[in-house]
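Values quoted throughout were computed directly from the atomic coordinates according to the rules given, and no laboratory measurement underlies them. If you're wondering where the values come from, they're calculated on a predicted model, not measured in any experiment. Cβ sites come from the backbone with ideal geometry, for glycine too, and all protein chains shown count toward neighbours.
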Amino acid sequence: MPTILKDIAAIAKGMSITFMEMFQPTVVENYPDGPGPLRGAKFQERYRGVHVLQRDENGLEKCVACFLCAAACPSNCIYIEAAENTEENRVSGAERYAKVYNIDYNRCIFCGYCVEACPTDAITHGHGFELATFNASSLVYRKEQMLAPIPAHIGANAVFNQAEVLGGAPAQVAPGE
Amino acid sequence: MATIYVDGKPHQVDAQQNLLHACLTLGFNLPYFCWHPALGSVGACRQCAVKQFRSPEDKHGRLVMACMTPASEGAQISIADPEAVAFRKGIIEGMMENHPHDCPVCDEGGECHLQDMTVMTGHDYRRYEFPKRTFRNQYLGPFVNHEMNRCIQCYRCVRFYREYAGGQDFNVFGIRNLAYFGRHEDGVLESEFAGNLDEVCPTGVFTDATHKHHYTRKWDMQFAPSICVHCGLGCNISPGERYGMLRRIVNRYHGDINGYFLCDRGRYGYEFVNSEQRIRQPQIRSNGQIQPVPKQQAIEEGGRFIASATTVIGIGSSRASLESNFALRMAVGANHFFAGASTQELQLLHLTLEILRTTPVASLRDVEDSDAVLVLGEDVSNYAPRMALSLRQSVRQQPFAMTDKLKIPRWLDHAVREAAQEHKGPLFMATVAATRLDDVATDTYRGAPDEIARLGYAVARTLDPEAAGLRATTASGSLAGQIVRAVRAVTGLGKPPSGAPDADFETMAQRIAQALNGAERPLVISGLGCRSGPVLKAAANVVRALQRNGKPARIALAVPECNSLGLAMLGAKPFEEALAVAREHSGTTAIMLENDLYRQAPGSDVDVFLRSANHLIALDHLQNRTTATAELTFPAATFAESDGTLVNNEGRAQRFFQALTPQEIQESWRWLRDIFVAAGRREFSAWKTLDDVIQSLVSEFPDLAQVAEAAPAASFRMAGEKIPRQPHRYSGRTAMLANINVSEPKPPDDPDSSLSYSMEGNPDQPPAALIPFAWAGGWNSYQAWNKFQEEIAGPLRGGNPGVRLFQPPAQAGEYFQDAPKRFQPREGEWLVVPLYHVFGSEELSILSPGVKQLSPKPYIAMNDEHAKGAGLQAEDMVELAIGGASYRAALQIRPDLPVGIAGVPVGVDLFAGIQLPAWSKIERVS
């Protein structure tokens, strides 16, 4: 007899905690049913999500195709093809830009070494994390998918033709002048 | 040898060398900039400072520059001394003050000596906070990119360009910290060795401008040990590949051949591999339409062509590997195996082989070490460019002997040059036209090929009156008397040509003979450049005469293409005979192996040949006139896509290996094997790998037995592993094929070599013939070759790669007898001779955009006196007719051409297939 009572008491105690918690405020993130574009997901600033390829204040791509991110990558998942900027087609501020910049998210381990290696702060980790897919090949992200949008105040390539952007440092010494 | 103490430990080093050389040979990491193994010491950068102590008791010591201090017996030095370490760090900091720190956008980044040395010294924080000096960059041509801000003023570039390579249009301007290295104005660098500035410059001031257009870091490239195909010297190169594209060529050190330097044709001629004109899959021509066909269908079609033919004619190629040529020879039989070359060229090649077998042969290193040189008929700078750079060093040998007496060590570069002033060792240039070596020549002689040969004969007879059967008449006569008599015997045969008076000719022969006889290591250079047998024979006679005089004389002969000698050794017959066979037989099938016949033989003959064959099969790299006529075309692999063996001008067999990952393009021998197996010749299916072909080759040609030893066989392993083609930092491995399959595909197997298409494998130093790229811990730049050598600037560990097929003979060979008759200019006719251009005369390199840009426009050149006589002016449109074809080009006035001689630039399209030398009228056309 005393055992039955003991068991009932134990259930009551357990259930009381359950019922008590039902009236407490929610402490987990209400993802994916929360409000806003992130559907309730919240991030620490330093969270390492899908990469973002940044632009500079003129809207040019910051990436100068130096290949250091690819070299730093421990899973060898960064693919870059470089091309040269020309007067007509200026994509980055330096001589070269990344014509192709792919990251294979099948392989990426989000270690952040690429971000650390980047000398121009061109590649950063964004907060994107919803990568799951039924088709692994769609996990190979192209530059266009990672590139930060052109700031609204910059018209397409208008600023890049200005002399102060193209000119570089003035010459001090050159023979024959 | 001397014993020196480095940080208290004794080491045996070469007493003739400096401490830096000794320390690097011992394997110590000591930073340096201005010193270069080939350029010597000038002590400009102060980077290689070490502490030197007077005795073990001396605790104070003093800082010395290792590169300027001899490695004398008992020298006590310390590399690790804190004061020396701090000094070196301070020097680097000073150099880095104005350096732009733009490594991420610099092409040198990742293989930069300045980066390596900065890391080595431990300088890691910039304190300088002021504006940096900036410069304007120059346009230096299609090959070399200029970025002056990166300069650290080590002066290596100007020392290489002016002092080592003899260039004039590059210098240092300005003073103090505003020294500017460049040209006096923008323009293409004139020297054909300018490309070496890429490697000589310790940082990114001079970089490869062709590489810039498809830039890839060194660590991201797949390399292979390879051989340059743009002339007959066989310089060692290291091509780099990325994403299926050949990105660039760098020098691969070879102690006996190219050393640290290449010519620009070899370095920048590679872009034909990436050309849009490449044949990338089998093609068939039906109803005038060229269409790609699947591999198997093309092979079966080829098999049918062979099986149905009454006779199969095989045309080999002097730019195809020994293995591919051999495969063709086995397939078509010795009687039907031909070279694209003419009878004349093959005879010259066989004469070359005969001379090489019976005469001591000089490697390029030997050329450099020769102290008296006679060049007979060869425009070395344009025909075999790298040899010209070696020749420039040979004139320093006699000054060295002089400065040795003054006890100036040879490595003390500027002291030696100061002491020697303008004094140069003997170098005699006897050529048809002016050459770019004339500025260092003791004397030049210009004449027709026959006159050059006669000069050679005269020199030989001056050296040894027995030469060519001429008996010394009086034993009592003085040497001088004998010399004069001997010279008269050959020169008194007829009237002297107007350009060379008899007396000049005699005294010149005498001077040359004296210089060669007075030298310790005399050398004679000749070759196929002026396409004259007598010139080759004369060169051999001079060497033989010197040998009889007890001199260790050598010969170096230049050959036209990378495998000219290999093809000749396989017994290929001349094109004329192929033409005869094609005419005699009906129902023939002709196979053209990597050979554009229109460049080899007169167009009309080639037309006849191609028309008389029933079926035409071509294997080649790029579309050309010959492949355009072929019914079936197979994509043949270039040097970058295949493995094989080439025989260079000294008879050295060297293996080259595939740099590009395999694809549909395959080696010619594999295509031939497949076609002939399809034609029912089952025996060829035994050829699975390159080693199988080499085995057959060796058993068929005992002469070529050593070819098998040119490099380790494919079964070679280092501690059970293959040798990686890719640096261990190779990036993007899993991403680069993600577009095909996200699961990383297995790297392709390489059944032909012991190299792998991977970054995985044995990280140790491979045998010399298998070093794909230069890299050693802490040494990412080209300077890493220091770590691969037995001694700095000496042979690679385990011996330099390749095997010499000809052993030096025990005694001097017999003299050649038939001296040519005196050259007689003709009235109203010119002897048209070939003129060569480093950029433009070679078939494959001219297909690269940069080389194309620098190649000459077609011209017909003659002497101004002559032109005046014929009423012609510069730029007049003139025409000459040779072998039934006429050629029309603008007239160029070349005062250096001898009387009765006209020259045309061979290799440019207009003059393709022209057979020279030949007589022709030259007339103005409207």
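Quick look at the numbers
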| read-out | value |
| --- | --- |
| Percent of beta bridges antiparallel (DSSP, chain B, rounded to nearest 5) | 55 |
| Per-residue average of Cβ from other chains inside 10 Å of A:73-82 | 6 |
| Listed residue pairs exceeding 24 Å between alpha carbons, taken from B:212/B:857; B:9/B:787; B:212/B:722; B:51/B:89 | B:212/B:857; B:212/B:722 |
| Coil-residue trypsin sites (Lys or Arg not before Pro) of the range B:354-431, DSSP, other Cβ within 10 Å capped at 10 | B:407 |
| No Cys partner within the rule (Cβ under 4.7 Å), chain A | A:63, A:66, A:73, A:77, A:108, A:111, A:118 |
| Compactness of the protein assembly as shown as Cα Rg over 2.2 N^0.38 Å, two decimals | 1.07 |
| Selection of GluC sites (Glu not before Pro), the range B:274-356, meeting DSSP coil and at most 13 other Cβ within 10 Å | B:276 |
| Distance between the range B:791-807 and the range B:685-757 - C-alpha centres, whole angstrom | 22 |
| Residues B:172, B:432, sorted so that the one with the fewest Cβ neighbours within 10 Å comes first | B:172, B:432 |
| Normalised per residue, the volume of the convex hull around the Cα set of the range A:51-166 (Å³) | 110 |
| Highest to lowest packing among B:282-288, B:579-585, B:193-199, scored as the average C-beta count within 10 Å | B:193-199, B:579-585, B:282-288 |
| Shielding score for B:212-219, defined as the mean number of other chain Cβ atoms within 10 Å | 4 |
| CD proxy at 222 nm, helix term only [per DSSP H run n ≥ 4: -39500 (n - 2.57); per residue of chain B; nearest 500] | -7500 deg cm²/dmol |
| Span-like helix ranges in chain B, DSSP H, alpha carbon extent 20 angstrom or more, Kyte mean at least -1.0 | B:82-96, B:343-358, B:449-463, B:502-518, B:533-548 |
| Cut-off under 5 Å, modelled amide H: who pairs with residue B:443 long-range | B:427, B:429 |
| Placed amide H near residue B:833: partners under 5 Å, 5+ positions off or other chain | B:902, B:903, B:904 |
| Anchor residue B:688: aspartates and glutamates whose Cα lies under 20 Å away (excluding residues fewer than 8 positions away in-chain) | B:300, B:323, B:641, B:643, B:664, B:667, B:674, B:700, B:709, B:749, B:750, B:752 |
| Whole-percent pair-distance distribution, where bins are 5 Å wide, for the alpha carbons of the range B:20-117 | 2, 12, 21, 23, 18, 12, 6, 3, 2, 1, 0 |
| Angle in degrees between helix A:2-22 and the longest Cα principal axis of chain A, rounded to the nearest 10 | 30 |
| Summed side-chain charge close to residue B:796 - residues other than residue B:796 whose Cβ falls under 11 Å, Lys, Arg +1, Asp, Glu -1 | 0 |
| The range B:700-764: chymotrypsin sites (Phe, Trp or Tyr not before Pro) in DSSP coil with no more than 16 other Cβ atoms inside 10 Å | B:716 |
| Prolate/oblate/rounded call for chain B, Cα gyration tensor, a/c under 1.5 rounded | oblate |
| DSSP beta bridge pairing in the range B:827-926, given as percent antiparallel to the nearest 5 | 60 |
| Number of partner chain Cβ atoms within 10 Å, mean per residue of A:100-108 | 4 |
| Gap separating the Cα centres of the range B:294-315 and the range B:553-602, nearest whole Å | 21 |
| Ranked A:79, B:270, criterion: other C-beta atoms within 10 Å, fewest first | A:79, B:270 |
| Bridge type composition, the protein assembly as shown - antiparallel percent by DSSP, nearest 5 | 60 |
| Alpha-carbon centroid distance for the pair the range B:39-72 / the range B:605-683, whole angstrom | 57 |
